[in-house]
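What follows draws every value from the coordinates through simple rules; no lab data is involved. Everything quoted here is computed from the prediction, not taken from an experiment. Positions of Cβ are backbone-derived with ideal geometry, glycine not excepted, and every protein chain shown enters the neighbour counts.
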Amino acid sequence: MKRIIKGKEPLSLVKHRLKPFADYDNYSKKDELRVSLLTEQGHICCYCNL
């Protein structure tokens, strides 16, 4: 398993979580979150390293 050093989460996610009834389904900036996660993980799976 690859070790991933977590960075800061996108500001849009922080703001979204502060809203009442916030969940992933009503989070509108999923593409921004995906890019952040892929960058953080080096574009590979932390389990299979592919």
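Just a yes or no: is a residue in the stretch 23-31 in a loop (DSSP other than H, G, I, E, B), surrounded by fewer than 12 Cβ atoms within 10 Å (Cβ to Cβ) and of a type outside the set (S, T, N, Q)?
yes
Only one of Ile44, Ile4 is in contact with a Leu (Cβ under 7 Å, 6 or more places away or on another chain), part of a loop (DSSP other than H, G, I, E, B) and touching a residue at least 12 places away in the same chain (Cβ under 8 Å). Can you tell me which?
Going through Ile44, Ile4 in turn, the sole match is Ile44.
Restricting to the stretch 32-43, and then to whatever is farther than 18 Å from Lys2 by Cβ and among the aliphatic types (A, V, I, L, M), can you tell me which residue is surrounded by the fewest Cβ atoms within 10 Å (Cβ to Cβ)?
Out of the qualifying residues, it is Val35.
Gly42 versus (1) in contact with a helix residue (DSSP H, G or I) (Cβ under 9 Å, 6 or more places away or on another chain); (2) at positive phi: which is the lone unmet condition?
So the condition that Gly42 fails would be (1).
Can you tell me how many residues within the stretch 8-22 are assigned to a loop (DSSP other than H, G, I, E, B), of a type outside the set (A, V, I, L, M) and either loosely packed, with under 10 Cβ neighbours inside 10 Å or in contact with a helix residue (DSSP H, G or I) (Cβ under 8 Å, 6 or more places away or on another chain) (or both)?
Of the residues in that region, 5 qualify.
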